[in-house]
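One structure below.
The values are calculated or read from the model by the stated rules, or taken from the named source; none is laboratory data. All values derive from a computational prediction rather than experimental measurement. All Cβ positions, glycine included, derive from the backbone under ideal geometry; neighbour counts span all protein chains shown.
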Amino acid sequence: MKNMPTILMDLDGVVFNILERWLRNYNALTGEGIQPENITEFGIHKFVKRPEIIYTEQVINDNDMMFCEFYPNAKEAIEKMMKIGMKIIFVTSTFYWCRISRTERLINEFGDVEICYLKDKSVIKGDYIIDDYEKNLIDSLNENPHIITVLVNQLWNKNCQAHIRVNDLMEFYEYLKIYRYGE
């Protein structure tokens, strides 16, 4: 078997669908009716009437991070990657007030995992970075010209670019398994 890659994996927008909870909480607080399909570019604050509260504990909290849904196939794909020896480092800029529950959730789901909480993901080195935000991919590529960038399709990144675009983590796993690490 070939050397397995190190994969830098974002959480929100890649593994977990936090957007629905985020908007549900925001709408309940403000009376607005923003839906996920209204978010057509990165940055929820651009689409709401009260941007000053969108990134606060009032709107997104520890409980939301603990119980948000996995995207379809995400958990299974991560488990398969880990089972065959791929090293996954979860990299996220999760709010400081949500980090304990986010860490507990990942440990409960996947066991002993590596998690980096940081705003600038480009400081972590890996073979692949998979994210839903093009800026994180560009920054990582600028710091590490050999990294392969992978963009998970979302409504807010339709006009963005990466080396590879995938619909979900299982598609990424299949790509790695077949085209890179030979099965």
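If ILE107 satisfies every condition in (1) within 16 Å of the chain's Cα centre (by Cα); (2) without any contact (Cβ under 8 Å) to a residue 12 or more places away in the chain but one, which is the exception?
Only one criterion in (1) within 16 Å of the chain's Cα centre (by Cα); (2) without any contact (Cβ under 8 Å) to a residue 12 or more places away in the chain is unmet by ILE107, namely (1).
Suppose the filter is aliphatic (A, V, I, L, M) and in a loop (DSSP other than H, G, I, E, B); does MET65 pass it?
no
Would you point out which residue out of ILE138, ILE178 is without any contact (Cβ under 8 Å) to a residue 24 or more places away in the chain, within 19 Å of GLU41 (Cα to Cα) and surrounded by fewer than 19 Cβ atoms within 10 Å (Cβ to Cβ)?
Criteria check complete, one pass: ILE138.
Can you tell me which residue within the range 39-64, out of those that are free of Cβ contacts under 8 Å to residues at least 60 places away in the same chain and among the β-branched types (Val, Ile, Thr), is surrounded by the fewest Cβ atoms within 10 Å (Cβ to Cβ)?
THR56
Just name the residue that is surrounded by the most Cβ atoms within 10 Å (Cβ to Cβ) out of those in the range 96-126 that are in contact with a Lys or Arg (Cβ under 9 Å, 6 or more places away or on another chain) and outside any helix (DSSP H, G or I).
Result: GLY126.
Here's the yes/no breakdown for (1) over 15 Å from LEU11 (Cα atoms); (2) assigned by TED's automatic domain parsing to the domain that holds LYS75; (3) touching a strand residue (DSSP E or B) at 6+ places or on another chain (Cβ under 8 Å):
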{"position": "LYS121", "(1), (2), (3)": "no, yes, yes"}
{"position": "LYS125", "(1), (2), (3)": "yes, yes, yes"}
{"position": "LEU137", "(1), (2), (3)": "no, yes, yes"}
{"position": "PRO145", "(1), (2), (3)": "yes, yes, no"}
{"position": "ILE148", "(1), (2), (3)": "yes, yes, yes"}
{"position": "VAL152", "(1), (2), (3)": "no, yes, yes"}
{"position": "ALA162", "(1), (2), (3)": "yes, yes, yes"}
{"position": "TYR173", "(1), (2), (3)": "yes, yes, no"}
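Quick check: is even one residue across the range 118-128 under 14 Å from the mean Cα position of the chain (by Cα), hydrophobic (A, V, I, L, M, F, W, C) and under 17 Å from LEU169 (Cβ atoms)?
no
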